[in-house]
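Values quoted throughout were computed directly from the atomic coordinates according to the rules given, and no laboratory measurement underlies them. Every value quoted in this text rests on a predicted model; they were computed, and no experiment measured them. Here the Cβ positions follow ideal geometry from the backbone for every residue, glycine too, while neighbour counts run over all protein chains shown.
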Amino acid sequence: MTARPKLRILCFGDSLTAGYACYGTIHHPYNEKLEHMLCMAFPDLKIETAEDGVSGATVRNGFQTRMNAQFLAPKKGKDDDGEADGKPYDWAVVLGGTNDLGIGFEVEDIFESLKEVWEVPLSNKCKVLALTVPEAGVNGRMRERIDAKRNKLNDLIKGYKREGFHVYDLHKHVPYWSMTEADREKYWDDLVHFTPDGYDLIGNKVGIALVSLLAMDRANSPQRPQKRRRLFKGDDKKYDEETGDPTAIDQGYVVVRRADLE
């Protein structure tokens, strides 16, 4: 029996990656929902996710050491299925900067440290999906100052170009201030962290982004045999969800037609 090919994904960061909620009494990391979504989208792959989130960690102090430890050397020997272990991960999803901004580190210094962290997986033939820094519920003058620094950092993240490097704008797709009060109550635990539902929302949205990237990789793979396009009933139909408000948190549907994958 032929073993399914593996896809290993590292979710790396601080408390937002660890799934910190309810003052630390609950941890519900988003990688659980991410893995579930990827398994549904790619049943032919054996999906494995690992979570490395440390509450209070900063990009400037600690991220680099931990990321180096993740890629020091591939494991030797066999895994649970008796397969030989290869490279540690195929993708690294990296989220960091919230604590650095709160402490008051300079934006340029945070970004330089992020680039060093990203370089570790990239130099190990592992692709990177960098997440922008989400909003916080701080108000008043402090909000203006923090928002300005966060926006500057996120612009630097979104503007970075490198082979194998991709960005998902978490700040845009999981907002704080533009959510309805009911959604904020459901998804946000405090001014910085999310509820378990909120972390599932992140896993869902990051999962959709990764599914799209992996589908593009397959479509562009030279090993993928060319198939004659077949038309199916409903391929040209427009669904209500496609014409909804893309900023509404409850209208995050994705319609994928066979034609989109061919």
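Below, the figures for the structure above:
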| quantity | calculated |
| --- | --- |
| Positive-end extreme of charge dipole, the stretch 151-217 - chosen from LEU214, GLY159, HIS193 (charges on Cβ) | GLY159 |
| Cβ-based exposure ranking for SER212, SER178, SER221, SER113, in which fewest neighbours within 10 Å come first | SER221, SER178, SER212, SER113 |
| Which listed pairs, of LYS46/LYS115; LYS125/LYS161; LYS115/LYS172; LYS46/LYS205, have C-alpha distances above 27 Å, in listed order | LYS46/LYS115 |
| Added length on full extension, which subtracts the Cα-Cα distance from 0.36 nm per residue, MET40 to LEU72 | 8.4 nm |
| Calculated FRET value between ASN124 and ASP169, using beta carbons and R₀ = 41 Å, to 0.05 | 0.95 |
| For VAL167, residues with placed amide H under 5 Å, excluding near neighbours | ALA130 |
| Computed label-point distance, nm, for sites GLU144 and ALA50 using a 7 Å Cα→Cβ extension | 4.6 |
